[in-house]
Amino acid sequence: MDLRTNVLVVGGGPAGTTAARFLAENGIDVILLERNLSFIKPCSGGMPKSAFEEFHIPGTIIRKEVDHIKLISPQDKEIHISLKGGKIAIVTRGEFDSFLRHLAHKKGAQVLEGACMQIVQDKLYRTEVNVGTEKTHIVSEYIIAADGVNSRVRTILGIKPCQAVFTVSEQINEPLTEYCEFWFGSNHAPGFYSWIFPTACGSSLGTGTLEQGNTNLLIERFKKRRNIREEGQKRVYRIPLWKGDIYNRGRILFAGDSAGQVLPFTFEGIYYAMKAGYLAAQAIIENKAEQYKRLWKERFQKRFAMMDKLKNFFFKDDASAEKMVALHRRQDVQEVSMMLWLQKDSSGPGLKEYIKLFRKFLS
């Protein structure tokens, strides 16, 4: 059986659902293909509350709002920062992704549960899909690959997987904090950080490393440092490292984790995945796949390149992480950092001020 559509979106997370919804709103026929509609990505679920207004998402899906963050240095020096002018919204990822798929469907996107198996290109793309026990082919002019860090589309096209950070996360019932906490220290988060976020009914915690194989040891060390005794179910996952080396291959566009579009240093992914999906859809609406790279780089290239340099400097060892936390004692650094995090417009003063403050670390 063949299905025909203008655009096939592979992946039903924030990038894919945003692309599908925007395309459908603009009268373009779109099929949204998600391998497993029950999948829940391991994720703390934090994003700027302003994104809900930007993407026209009802705030009823927000499960917690946070207006303070806390930074803890390797030597246990703490800094509390108020998020003046904004908040972090906490969502439950399974519920959030399902809700976004519902919004896309309401606008006219067809949602299918199935696995992408093969892609053949002639004048159009012919994608082989397993839907349940049936083999189906979807013929489309464009494909948006929004299928995550383990992208099947990348594999089919012979593109190497993204380099990644290995993380382990845990959900527990104990309400440990009302802040978003970021803990630094090579003992439990070499080259990364550990975190605790409040959730609707408990806490989300985790840690990360560039080295595969020792994540469970690292999270136990972190829990010991934070004096957490409760045991939850641990889940290991990969967060892509941004390289900025893939946007499209012909009329196949990559968005979100499949393109490594996670902000370095903070490793924020949900907002940038949604924005990438939107920009990919915009390029398709203009019928110019190559425009996607230009649109994305105009909006985010300077921000990502700057944060990548800061990550490489401040995460290289404990002494550097100590400097980073100490810098955030300054009121001007706090204000500019929170402006950059909560307000995503790179044309505004936030990015310029951030570059000015951190210039000596960016050479």
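The values are calculated or read from the model by the stated rules, or taken from the named source; none is laboratory data. Keep in mind the model is a prediction, meaning the values are calculated, not measured. Every residue, glycine among them, receives a Cβ derived from its backbone with ideal geometry; neighbour counts consider all protein chains shown.
Some notes on this structure:
- Selected residue (criterion: nearest to the chain's Cα centre (by Cα)) from residues of the stretch 211-259 that are among the polar types (S, T, N, Q) and assigned to a helix (DSSP H, G or I): SER258
- Just one residue in the set GLY208, GLY185 is out of contact with any strand residue (DSSP E or B) (no Cβ under 7 Å at 6 or more places or on another chain) and surrounded by 21 or more Cβ atoms within 10 Å (Cβ to Cβ); that residue is GLY185.
- For the stretch 172-196, a residue qualifies if it is hydroxyl-bearing (Ser, Thr, Tyr) and under 22 Å from the mean Cα position of the chain (by Cα), and the qualifying residues are TYR179, TYR193, SER194.
- On inspection, SER203 passes the criterion of being assigned by TED's automatic domain parsing to the domain that holds LYS70, more than 17 Å from the chain's Cα centre (by Cα) and at pLDDT 95 or above.
- When the stretch 211-269 is limited to residues that are among the acidic types (Asp, Glu) and within 24 Å of ASP308 (Cβ to Cβ), the one that is modelled with the lowest pLDDT turns out to be GLU211.
- ALA259 being closer than 22 Å to LYS243 by Cα and touching a Gly at 6+ places or on another chain (Cβ under 7 Å): no
- Verdict on PHE52 being among the hydrophobic types (A, V, I, L, M, F, W, C), out of contact with any Ser or Thr (no Cβ under 8 Å at 6 or more places or on another chain) and exposed (fewer than 15 other Cβ atoms within 10 Å of the Cβ): no
This table checks each residue for (1) in the same structural domain as VAL10 (by TED's automatic domain parsing); (2) of a type in the set (D, E, K, R); (3) in a helix (DSSP H, G or I); (4) surrounded by fewer than 19 Cβ atoms within 10 Å (Cβ to Cβ).
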{"residue": "ALA289", "(1), (2), (3), (4)": "yes, no, no, no"}
{"residue": "ALA321", "(1), (2), (3), (4)": "no, no, yes, no"}
{"residue": "SER337", "(1), (2), (3), (4)": "no, no, yes, no"}
{"residue": "GLU353", "(1), (2), (3), (4)": "no, yes, yes, yes"}
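- Residue selected from the stretch 111-141 under the condition of a type in the set (Val, Ile, Thr) and surrounded by fewer than 13 Cβ atoms within 10 Å (Cβ to Cβ), by the criterion farthest from LEU23 (Cα to Cα): THR133
- Restricting the stretch 129-148 to residues that are part of a strand (DSSP E or B) and closer than 20 Å to LYS293 by Cβ, the residue that is nearest to the chain's Cα centre (by Cα): ALA145
- Search result, residues across the stretch 242-262 that are surrounded by fewer than 20 Cβ atoms within 10 Å (Cβ to Cβ) and without any contact (Cβ under 8 Å) to a residue 60 or more places away in the chain: ASP245
- Summed over the stretch 191-205, the residues that are in a loop (DSSP other than H, G, I, E, B) and either on the phi < 0 side of the Ramachandran plot or out of contact with any strand residue (DSSP E or B) (no Cβ under 9 Å at 6 or more places or on another chain) (or both) give a count of 4.
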